[in-house]
Amino acid sequence: MAGLVLAGLNLPAHAAGYGTPTIALSAGYLSGAVGAVGDPTVDVTVAQSGADVSALTVSASASSKASVAGTGDVSVTGTGVVRRLAVTARGRGYTNLTVKVTGLGGKTATKTLSYAASGAVRNPADARYLTGSADASAAVDVGGGYAVVADDESNVLRLYDRSGSGAPVKTWDFSSQLGVTKEVDIEGGTRIGDTIYWTGSLGNNKDGEYKAPRNTVFTTTVSGSGPATQLGYGRSYKKLRDDLVAWDRANGDRYGFAAGTADGEAPKQIDGFNVEGLEFAPGSTTTAYLGFRAPLAPAVAGGKALIVPVTNFDKVLSSGAKATFGAGIELDLGGLAIRDLRKNAAGQYLILAGSWAADDNSDPYALYAWDGVAGHAPVKRADLPTTDPGGWEAIVDVPDLTAAGARVQLITDSGSADLYGDGTEAKDLAHAEWKKARSAWFTIG
């Protein structure tokens, strides 16, 4: 009996030897998607004085909205100081998850994880989510399974793992080097050697106002590859729009560039002015193709998509030479315009075709193969789904288009999408972790 009493007396003294556990989350906000594969996760760091960390357990103890994700939809792996927490979305919306660490002596501590789940999309196994921004606008593969993704609402370039969902590995903001405080409205990018060329839209803003930063093309230099990729600032040129207008005027205003850039003219009109594609001509490192979202040529329903070759694009960026141009190339894309234009090392081009309109998330999109030669017709390879949030905006790279089962990765601009069902556009969400663009793989071979 005395032994039992002593044991009983010893329990509180022993429990008092353990401190209150500590818990920290690598992020207080997390997003996921219904049916998603490989959604982003959160690291949970735990400790307790006087206790081996392996004795601590981590779990979700409460959910403010179980229809979005309940406690049983939270999984935690690992037994060390850092555990990994994943959430399987049950439904679209928001919930606050209470994450609890339980230590020795029955002592606990909690943190709140604010979780947002977007809805299910078509072929979820082929979808990945790039968090930190919703307004993806251009992408350039940098090898090792990684790509640099541009944003048309900021001047930040982000490095992402192409195979996974989650935050960028690295970011670069070249606003100060560009001498701008507003967005360049980056819409296209392509790589030659260790140089990536980027172009702004060159158009007015949505209210028809001229904003000088948008009249910018610039370069970045690449070193390394994969997660070790580094970008450095190169040079910029800020008169390409002016050069294009002057060239068109000298050729009888064939494409209406002067009218499309006039004060009060919105860029995303059938007769507007908006560049979204940038790629070099076949076998060239000097002539670049500018692909236009607007205008169509002619600027009527069913008009052709327009490409204007800049024949000294290398010198425009390297020395600030005034741009010179070749004859416009007009392509029949079934009344659609160019949203992105990319080629591979074999000179095979892929055109992402979509509407010139501003409100276009449900308008048709298609992929066309082309050989890059003026006068040669592009060939439709696929119609793209439009039922899911976001407009198709960027081609990451071009596979061998002659190979059976060839697959291409595309990225959406989801900035105007209501991802979580609360009426808030993704670009206006309060937390970067909830903002996201979606990439998806499509078979086109």
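A short reminder: the numbers here are calculations on the coordinates, not readings from a lab. Predicted model, so just to flag it, every value in this text is computed and none were measured. Note: ideal-geometry Cβ built from the backbone for every residue, glycine included; neighbour counts use all protein chains shown.
Each of the GluC sites (Glu not before Pro) that DSSP puts in a loop and that has at most 15 other Cβ atoms within 10 Å breaks the chain; the longest unbroken stretch is 210-424.
When the chain is treated as a Gaussian network with alpha carbon springs shorter than 10 Å, the biggest mean-square fluctuation among Gly78, Gly93, Gly272 belongs to Gly78. Go ahead and set up a Gaussian network model of the chain, Cα springs under 10 Å, then flag whichever of Thr112, Thr216, Thr181 fluctuates most. Of Thr112, Thr216, Thr181, the most mobile in the Gaussian network model is Thr181. Among Ser61, Ser54, Ser137, a tally of other beta-carbon atoms within 10 Å of each Cβ gives an order, fewest to most, of Ser54, Ser61, Ser137.
Maximal additional length on extending the Thr88-Ala357 stretch stands at 93.2 nm, based on 0.36 nm per residue less the C-alpha distance.
Using a Gaussian network model of the chain in which every pair of alpha carbons under 10 angstrom is joined by a spring, one finds that among Ile23, Ile307, Ile395 the greatest mean-square fluctuation is at Ile23. A simple spin-label model places the labels of Ala382 and Ala125 1.5 nm from each other, with each point 7 Å out along Cα-to-Cβ. Angle of helix 240-250 to the longest C-alpha principal axis of the chain, folded into 0 to 90 degrees and rounded to 10: 20°.
For Thr216, the residues whose modelled amide H falls within less than 5 Å of its own, excluding neighbours fewer than 5 places apart on the same chain, are Gly200, Leu202.
The phi-based Karplus calculation (6.51 cos²θ - 1.76 cosθ + 1.60; θ = phi - 60°) puts the 3J(HN,Hα) values of the range 172-177 at 9, 10, 9, 4, 5, 5 Hz, whole numbers, x for Gly and Pro. Close amide H partners of Leu278, meaning residues 5 or more places away or on another chain with modelled amide H under 5 Å apart, are Gly189, Gly291, Leu341. Our coupling estimate for the range 207-222, obtained by passing each phi through the Karplus curve with A = 6.51, B = -1.76, C = 1.60 and θ = phi - 60°, is 8, x, 9, 6, 10, 3, x, 6, 8, 10, 10, 8, 10, 10, 9, 10 Hz, Gly and Pro reported as x. The residues Phe273, Phe218, when put in order of fewest to most other Cβ atoms within 10 Å, stand as Phe218, Phe273. Annotation: the residues Val46, Val37, Val142, sorted from fewest to most other C-beta atoms within 10 Å of their own C-beta, follow the order Val37, Val46, Val142.
For the range 274-289 and the range 199-217, what is the separation of their C-alpha centers, rounded to whole Å? A separation of 19 Å, based on Cα centres.
Assuming charge only on the beta carbon of Lys and Arg (+1) and of Asp and Glu (-1), the dipole of the range 258-306 about its Cα centre is about 140 debye to the nearest 20. Rounded to whole numbers, the Karplus 3J(HN,Hα) couplings from phi for the range 224-239 are x, 7, x, x, 8, 4, 10, 10, x, 6, x, 9, 9, 9, 10, 9 Hz, using 6.51 cos²θ - 1.76 cosθ + 1.60 with θ = phi - 60°, and x at Gly and Pro.
Between Ser118, Thr41, Ala55, whose Cα lies farthest towards the positive end of the dipole of the chain when Lys and Arg beta carbons carry +1 and Asp and Glu beta carbons carry -1, centred on the Cα centre? Final value for the positive-end residue is Ala55. On the basis of the beta-carbon distance and an R0 of 45 Å, Ala27 and Ala404 show a calculated FRET efficiency of 0.60.
May I ask which of Lys211/Lys380; Lys211/Lys427; Lys239/Lys268; Lys268/Lys343; Lys65/Lys170 have a Cα-Cα span longer than 31 Å here? Don't skip to the end; give the middle numbers.
Details: Lys211/Lys380 35 Å; Lys211/Lys427 20 Å; Lys239/Lys268 20 Å; Lys268/Lys343 25 Å; Lys65/Lys170 33 Å.
Where the Cα-Cα span goes over 31 Å, the pairs concerned are Lys211/Lys380; Lys65/Lys170.
Between the residues Ala369, Leu240, Thr88, the greatest Cα displacement towards the positive end of the dipole of the chain, with unit charges on the Cβ of Lys, Arg, Asp and Glu, is found for Thr88.
Where both partners of a DSSP beta bridge lie in the range 124-443, what percent of those bridges are antiparallel, to the nearest 5? Don't skip to the answer; put the middle values down first.
Working: 76 of 77 bridges.
Among the beta bridges of the range 124-443, antiparallel pairing accounts for roughly 100 percent.
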